[in-house]
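Take a look at the structure below.
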Amino acid sequence: TQPQFDESKKLATKEFVRRASGNFSGQTNITTASASLTPAMSGSRIVVTVPAALTLPVLSTIPIGTKFYIQNSALGDVAVNRQGADVIVALANTLASITVSPSSVGVLARGESNWVFEEGPAALKYSTEFASSIGVSGWARRPDGLIEQWGLGVTDANGYVYVSYPRAFTKGVRNVTPVHLGAAPLLHAVM
């Protein structure tokens with residue numbers, strides 16, 4: 001069997017063809033809090049069983065299109081870090097590292113000049129379909145177009161609370177749910 005990235009005109013064995021046709025070439029289990037991914041791990045299923053920090057290989061050491069399939073089976077996050085001046089691109093974001101949340105999968109591929117993180121549920125948080133501004137007053141957009149907003153207000157001398165939301169309501173308000181944070185009882189109504 002030829003080496004993993006062989007592009008010569010040599011005859012290919014069944015093992016080489018199976019590995020090159022989109023199947024996992026094997027499985028690598030990571031059980032330590034820190035590990036470096038090697039070119040030999042590409043194409044295999046990388047299962048991380050403890051919260052960990054993984055380091056990608058230097059971009060120039062592997063061919064374009066090489067993929068790392070990372071499954072987080074741990075109870076905490078798995079950070080995947082670049083090396084040196086390499087860049088990770090997650091949709092429109094340029095990053096030094098990405099996070100694969102617990103019970104999630106992330107796939108990083110070697111692009112022409114950077115790492116590309118665009119596959120698997122872990123990449124969704126970088127999508128503009130899930131844009132948000134999280135804070136005391138904030139908003140979050142769902143892929144179906146619905147935008148949820150929240151705000152905070154204090155009762156004035158007349159007993160009214162005025163809340164300003166961070167985004168304009170372009171198609172109307174569907175629901176407003178007040179939540180009282182004070183110690184005294186409150187009967188509230190939305191107007």
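The values are calculated or read from the model by the stated rules, or taken from the named source; none is laboratory data. Quantities reported herein were computed from a predicted structural model and do not represent experimental measurements. All Cβ positions, glycine included, derive from the backbone under ideal geometry; neighbour counts span all protein chains shown. Areas reflect the complete protein model, heavy atoms only, side chains present, ligands, DNA and RNA absent. Shrake-Rupley method; radii C 1.70, N 1.55, O 1.52, S 1.80 Å.
Before moving on, here are some points about what is shown:
- Of [x] 1.21; [y] 1.47; [z] 0.96, the label for Cα Rg over 2.2 N^0.38 Å derived from the coordinates: [y]
- Relative contact order %, the chain, counting alpha carbon pairs below 8 Å whose residues are six or more apart: 11 percent
- For the cross-link pairs LYS14/LYS67; LYS14/LYS125; LYS67/LYS171, the ones whose C-alpha atoms lie over 32 Å apart are LYS14/LYS125; LYS67/LYS171.
- Whole-number percent relative contact order across the stretch 1-114, with pairs defined as alpha carbons under 8 Å at least 6 apart: 21 percent
- The stretch 50-114 - percent relative contact order, Cα under 8 Å, separation 6 or more: 42 percent
- Ranking GLU7, GLU129 from most to least accessible surface, computed with a 1.4 Å probe over the protein chains only, gives GLU7, GLU129.
- Summed over the residues of the chain and divided among them, the accessible surface reaches 64 Å² per residue at a probe radius of 1.4 Å.
- Expressed as a whole percent, the accessible surface of the stretch 69-191 that belongs to carbon and sulfur atoms is 54, based on a 1.4 Å probe.
- Cβ-Cβ FRET estimate between LYS9 and ARG45, R0 fixed at 35 Å, reported to 0.05: 0.70
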